[in-house]
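Heads up, the thing below is written out as structure tokens.
The values are calculated or read from the model by the stated rules, or taken from the named source; none is laboratory data. All figures in this text were calculated on a predicted structure; none of them were measured in a lab. Reconstructed Cβ throughout: ideal geometry from the backbone, glycine too, with neighbour counts over all protein chains shown. Ligands, DNA and RNA are stripped out before the accessible areas are found, and what is left, the full protein with its side chains, is counted by its heavy atoms. Shrake-Rupley method; radii C 1.70, N 1.55, O 1.52, S 1.80 Å.
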Amino acid sequence: MKRLMLALGLFIASFTAIGADMSNGADNFYKSEKVAAQKVIFKNQYQMNVVGNLYIPKGVSSTAKNPAIIVGHPMGAVKEQGSNLYAQKLAEQGFVTLAIDLSFWGESDGQPRNAVAPEMYTESFNAAVDYLGTRSFVDRNRIGVLGICGSGSFAISAAKIDPRLKAIATVSMYDMGAVTRDGLRKGQSLAQRKEMIARAAEQRYVEFTGGPTKWGDYLPVQLPADADAIRKEFYDFYRTPRGQAIPEGRTLELTQNRPISSEVKFVNFYPFNDMEAISPRPLLFITGAESHSREFSEDAFQRAGQPKELYVVPGAGHVDLYDRTSLIPFDKVTEFFKSNLK
């Protein structure tokens, strides 16, 4: 039986590897030889551990005061998915970088796992500033942040209440509040939203009385035959060796997916409200020309005060900018932070 299960596992792994699209320099698990890496653990304001990977350019003096950048992972992901890549590439350019696991995800504290808690996600970024700003090798007046996908909206949420973040960049940003309330391109009606809220409320009774958690199943292990283009795009990253990462104690099926009873909390999340107050700190919004999430970067750009820039990457989709090194505008990101974290 063990031999049969092993053979089946190898077959599935090989089949999945064949299905992964590794075009345009996809390199999610990039390992730089130019930076020193170490795992760090620090407390947020609620005394919960936040875990991150700290990257320091080799040769940097321990007594120097360096600019630093916090990097946040896509919604439902972990620091090993997109964040480590960006953090290492920026560290190669002379920045101290910190790729964090948001609370309830990856190696950071928080129960139940995969819970949706926007305020706590925001706090993860604020706590990362606390940590970096108290390191002897970091200039606390030169700390920036880069948020990928959902972390773009969490980074903006953090920056609104934390002027210690001096420069804010987002990549393939999702407004997790707007997409939960209204869907992509306003495709969800008020009646559908109310139905979603009602299902989540009833599920709370189930869980409160000891019943099983009900998970959103947007990304099952096996791609449904009727999957649309967006679902296929996410599947190719999260469910194949291209970007698959399974935290200790989890299963592939439970990565990315969230409990429906807490997913609904995004309905009360409005990260773009009052974001003009971030000005005069600079904002850079990077999105793909072909990205299904482009509307959120464009919305944030319209709302933001000056200085701000919307940078559209030709030929790139949403997930392309997680790991496709031939499409990711690392030069643009580097220029933005070097100019604004002088």
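Computed over protein heavy atoms with a 1.4 Å probe, the accessible surface of the stretch 69-183 works out to 21 Å² per residue.
Rounded, prolate or oblate: which fits the stretch 238-319, taking a ≥ b ≥ c as square roots of the Cα gyration tensor eigenvalues, rounded meaning a/c under 1.5, else prolate when a/b beats b/c?
Working: a/c = 2.64, a/b = 1.54, b/c = 1.71.
It comes out oblate by the Cα gyration axes.
Taking a ≥ b ≥ c as the square roots of the eigenvalues of the Cα gyration tensor of the chain, is the shape rounded (a/c under 1.5), prolate (a/b larger than b/c) or oblate? Judged from the Cα gyration tensor, the chain comes out rounded (a/c under 1.5). Farthest towards the positive end of the charge dipole of the chain, among the residues M173, H292, T334, is the Cα of T334, using unit charges on the Cβ of Lys, Arg, Asp and Glu. Exposed loop GluC sites (Glu not before Pro) only (DSSP loop, at most 11 other Cβ atoms within 10 Å): please give the longest stretch of the chain free of them, not including the sites. Here the longest segment lacking exposed loop sites spans 34-247. Close amide H contacts of G243 (hydrogens built in the peptide plane, cut-off under 5 Å, sequence separation of 5 or more or a different chain): none are found. Placing unit charges on each Cβ (+1 for Lys and Arg, -1 for Asp and Glu) gives the chain a dipole about its Cα centre, and among N28, I161, G82 the Cα reaching farthest toward its positive end belongs to I161. For the stretch 212-325, which whole percent of the accessible surface, found with a 1.4 angstrom probe, sits on carbon and sulfur atoms? Accessible surface attributable to carbon and sulfur in the stretch 212-325 totals 50 percent. How many angstrom lie between the C-alpha centres of the stretch 272-314 and the stretch 140-179? First find each Cα centre; the distance between them is then 11 Å. 222 nm [θ] for the chain, helices only, -39500 (n - 2.57) per DSSP H run of 4+, per residue, to 500? -10500 deg cm²/dmol, from helical runs alone.
Just to confirm, what accessible area per residue do you get for the stretch 265-333 at 1.4 Å probe, in whole Å²?
Details: 2780 Å² over 69 residues.
So the stretch 265-333 comes to 40 Å² accessible per residue, rounded to a whole number.
Couplings for the stretch 236-250, taken from phi via the Karplus curve 6.51 cos²θ - 1.76 cosθ + 1.60 with θ = phi - 60°, read 5, 8, 7, 10, 10, x, 4, x, 5, 9, 10, x, 4, x, 10 Hz in order; Gly and Pro are left as x. Dipole magnitude for the chain: about 660 debye, using +1 per Lys or Arg Cβ and -1 per Asp or Glu Cβ, origin at the Cα centre. With each label modelled as a point 7 angstrom along the Cα→C-beta vector, the K186-Q47 pair spans 4.8 nm.
Calculate, for L254 and Y30, the FRET efficiency according to 1/(1 + (r/R0)^6) with r their C-beta to C-beta distance and R0 30 Å; round to the nearest 0.05.
0.70
Using the Cα centre as the reference, give the magnitude of the dipole from point charges on the C-beta atoms of the stretch 204-342 (Lys, Arg: +1; Asp, Glu: -1; all else neutral), rounded to the nearest 20 debye.
Values: 17 positive and 20 negative charges, 75 e Å.
Roughly 360 debye for the stretch 204-342.
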